[in-house]
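Here the structure is laid out as structure tokens; the discussion comes afterwards.
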Amino acid sequence: MEVKIGVQHAPREIVLESGLSAEEVERAVSDALAGKTQLLSLTDDKGRKVLVPTDRIAYVEIGEPAKPRVGFGAL
């Protein structure tokens, strides 16, 4: 699942591929914004952890699962 996180006062968004479902990502974001945690914590497909302070989150975009790419052409 592709997740894009906009951070206030940052010129670029954070983009990561996560093995979580859209519902799981949405639940983690909802919990963070509801004040249950002070950090939004997500882990990408490579095992790297991304931590974003909840008071700095501008938006979260949850996209489609990444499709495997094969060859040189754009699909």
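Numbers below:
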item: Longest site-free stretch - the chain; sites: trypsin sites (Lys or Arg not before Pro), DSSP loop, at most 15 other Cβ within 10 Å; result: 13-35
item: Dipole in debye (nearest 20) - the chain, about Cα centre, beta carbon charges: Lys, Arg +1; Asp, Glu -1; result: 260 debye
item: Tilt relative to the chain, helix 22-33 - C-alpha long axis, 0 to 90 degrees, to 10; result: 30 degrees
item: Helix-only [θ]222 nm of the chain, DSSP H runs n ≥ 4, -39500 (n - 2.57) each, per residue, nearest 500; result: -5000 deg cm²/dmol
item: Candidate values [x] 12.7; [y] 13.2; [z] 14.5, label of the one derived for Kirkwood radius over Cα pairs in Å; result: [y]
item: Farthest positive-ward along the chain dipole, Cα basis, beta-carbon charges - from V7, S30, Y59; result: V7
item: Accessible surface of the chain, 1.4 Å probe, proportion on carbon and sulfur as whole %; result: 52 percent
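The values are calculated or read from the model by the stated rules, or taken from the named source; none is laboratory data. As the structure is a computational prediction, the values presented were derived from the model and not from experiment. Backbone-built Cβ (ideal geometry, glycine too); neighbour counts: all protein chains shown. SASA here: full protein model, heavy atoms, side chains in, ligands and nucleic acids out. Shrake-Rupley method; radii C 1.70, N 1.55, O 1.52, S 1.80 Å.
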